[in-house]
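In what follows, a structure is listed as C-alpha cells, so that the remarks can point back to it.
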Amino acid sequence: MWNLGVRYGWVLTDAVGPGPLRGRFEYAVDVVPVFLLTQRNGTAYGIGLNPFALKWNFAASRSVTPYVDLGGGTLFTNTQVPPGTSRVNFTTSGAVGLHFLRSKYNWSAEVRFMHISNAGLATPNPGINTIQVRVGFGRFSK
C-alpha cells in the first residue's frame, strides 16, 4: 500500500495536562488524492477523504515532539477492495510519531495502523489491516 496526501490541522488548545501527559489537542482533515493498494487481482487506485483526525501533541521538548493520532474517513477505489467486496470503504487508523520542529517548517515520522473495511455495505466484509511507516513535511502558520 502506498498513499500520498495533504493534512490541514488546527491546534485547539494551549498546553494542558499533568507532567509527561502535558500537550496540545489538534483537529485535522486529510485529503488523500493518491492511494495505491496491490492485491492478488491487480492494483487498486483510489482517493480518500478523512474528515477527522484527533491528535495529541505532547509538550516534551522544543525540537522533538511526540504525538498520538486517531482518525478515520472514506476510501473510493476503481476496483473492489478486497476483491469481491466493495469499491467504497471506510478507514480507521491510529498512529504514534515524532515531529522534528524548526521555526516554520517541520518533518514528521510515524508508525500507523490502518483498518480498511466496507462496514457491511457488501458481503463479505473481511477488511484489510496494515502497518504503515509515514514521513511528512509540514509548515506552520498562525
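Please treat every number below as a calculation from the coordinates, not as lab data. This is a predicted model, so every value here is computed, not measured. Ideal geometry is used to build each Cβ from the backbone, glycine not excepted, and the neighbour counts take in all protein chains shown.
Could you list 141, 61 in order of exposure, starting from the residue whose Cβ has the fewest other Cβ atoms within 10 Å?
On the way: 141 4, 61 10.
With the fewest neighbours first, 141, 61 line up as 141, 61.
Determine, from the Cβ-Cβ distance of residue 36 and residue 121 and an R0 of 22 Å, the FRET efficiency 1/(1 + (r/R0)^6), rounded to the nearest 0.05. Spell out each step's value before the answer.
Numbers: r = 22 Å, r/R0 = 0.99.
E between residue 36 and residue 121, to the nearest 0.05, is 0.50.
Any idea what the relative contact order of the stretch 2-139 is, in percent, if you count C-alpha pairs under 8 Å spaced at least 6 apart? Write out the running numbers ahead of the final one.
Details: 357 pairs, mean separation 22.0, N = 138.
Answer for the stretch 2-139 is 16 percent.
In whole Hz, what ³J(HN,Hα) sequence does the stretch 55-66 give by Karplus (6.51, -1.76, 1.60; θ = phi - 60°), x for Gly and Pro?
In residue order, the calculated couplings are 10, 10, 9, 5, 9, 7, 8, 7, 9, 10, 10, x Hz.
Under 5 Å between amide hydrogens, which residues at least 5 positions from residue 79 or on another chain qualify, with H placed 1.01 Å from N in the peptide plane?
Under 5 Å from the amide H of residue 79: 45.
Apply the a/c threshold of 1.5 to the C-alpha gyration tensor of the stretch 57-104 and tell me whether it is rounded, prolate or oblate. The partial results should precede the final answer.
Values: a/c = 4.79, a/b = 3.33, b/c = 1.44.
Judged from the Cα gyration tensor, the stretch 57-104 comes out prolate (a/c at least 1.5, a/b above b/c).
Between residue 49 and residue 4, with labels modelled 7 Å along Cα→Cβ, what's the label distance in nm to one decimal, could you check?
For the pair residue 49/residue 4, the computed spacing is 2.2 nm.
Mind listing the Cα extents of the stretch 45-133 along all three principal axes, in Å, largest one first?
Extents along the principal axes, in whole Å: 49, 20, 19.
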